[in-house]
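Structure record follows, encoded as structure tokens.
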Amino acid sequence: MSLDFPYAMAAIDLDGTLLGPDHQPTTANAAAVRGLVTEGVVCVVASGRMHEASAPYAEALGLSGPVISYNGALVVDTCSGETWQHLPVSADVSDEVVAFCATHCLHLNYYFGARVYVEKSTPWGNLYHRHTGSPMEVVGDLRAFQGCTPTKLILVDSPEKIDELLPLFRDRFAGRAYVTKSNPEYLEFMHVAANKGDALALVAARLGIARDHVAAFGDSDNDIPMLQWAGLGVAVGSPAPAVRCAAGLVVECPNNDSLAAAIAAIRASRGSRGKIDLGKSLQAVQTRPNRLLRDLPRLGRGQARGPDRRPLRG
């Protein structure tokens, strides 16, 4: 465990957390992550993107080891190439989603065999491509995949349409699929047991790292399971109310550098008995009574414990 950063592992979301609006790591965020790596902190990319669109960011930052992709449906050790977990969507759920989208003329991304298939080129598909750079193969009617088990499905549409459909599909697939939102325009369908929290638990167990020694950073609904599971869950950027409530710490700053600001704040807390100074460029707020406020763990050599959960003073 690093002597400056009091957690042995950091799980880091990509879009809205590490990456800026240009879908590249900001200079400050990249430097902060590289600093953790230099200190020996295990940094794990945990993204809703497909593995092929997630792993390059890990490689560019000098990260080695597991990458969590597809919102936890796939975990691959990039060092050995070993797949630690793959949880595809069941054929019955997949077939229902495909049929619904075909009937209602909705854009659907179908992730199968490390590729993204679409019925046709659409503005929503183009938006997704601009966001992720993932190539899409136009194959016509996706009902040709009937009976297959894709790793994930994404319905792409307006934020208003996604918010309308989210509760409907959660009710329809309760106990059969994990339905979440990773972006205002993305409604995602995965295996019922696939989520970033359980995937992070798997990675920590494989690496022998205790839950209390894990920090997780994210900004969207699909990050909630890992923010809740980690010893310290940090919501960054401009998280929705549900994400704020799931986190122990919320950090916001301008220029899309909230991840770097959060890491700096956690570092600073270690030497000053946990006080994070609030200023124009940093905002830390309480999200639950007595959960985690400005006080974070102060650890010495060989010590390891979770966050200090005492109430805010002053």
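Here the simple spin-label model places points 7 Å from the Cα toward Cβ, and for Asn255 and Ser90 these points are separated by 5.0 nm. Surface composition of the stretch 138-240: carbon plus sulfur atoms contribute 49% of the solvent-accessible area (1.4 Å probe, protein chains only, all chains present). Using a simple spin-label model with pseudo-atoms 7 Å out from Cα toward Cβ, His23 and Leu127 lie 1.4 nm apart. Of all aspartates and glutamates in the structure, those lying under 13 Å Cα to Cα from Lys120, and not within fewer than 8 positions of it along the same chain, are Glu137, Asp141. The stretch between Glu137 and Glu164, if pulled fully straight at 0.36 nm per residue, gains 6.9 nm over its current Cα-Cα span. If you take every residue apart from His107 with its C-beta less than 11 Å away from the C-beta of His107, what net charge results, scoring Lys and Arg +1 and Asp and Glu -1? Value of the local net charge: -1. Mind giving me the FRET efficiency for Ala114 and Arg206? R0 is 22 Å, r the Cβ-Cβ distance, nearest 0.05 is fine. After rounding, the FRET efficiency stands at 0.50.
The values are calculated or read from the model by the stated rules, or taken from the named source; none is laboratory data. The model shown is predicted, which means the values in this text are computed figures rather than measured ones. Please note: Cβ atoms are built from the backbone with ideal geometry, for glycine as well, and neighbour counts cover all protein chains shown. Just so you know, the surface numbers come from the protein's heavy atoms only, side chains and all, with ligands and any DNA or RNA stripped out. Shrake-Rupley method; radii C 1.70, N 1.55, O 1.52, S 1.80 Å.
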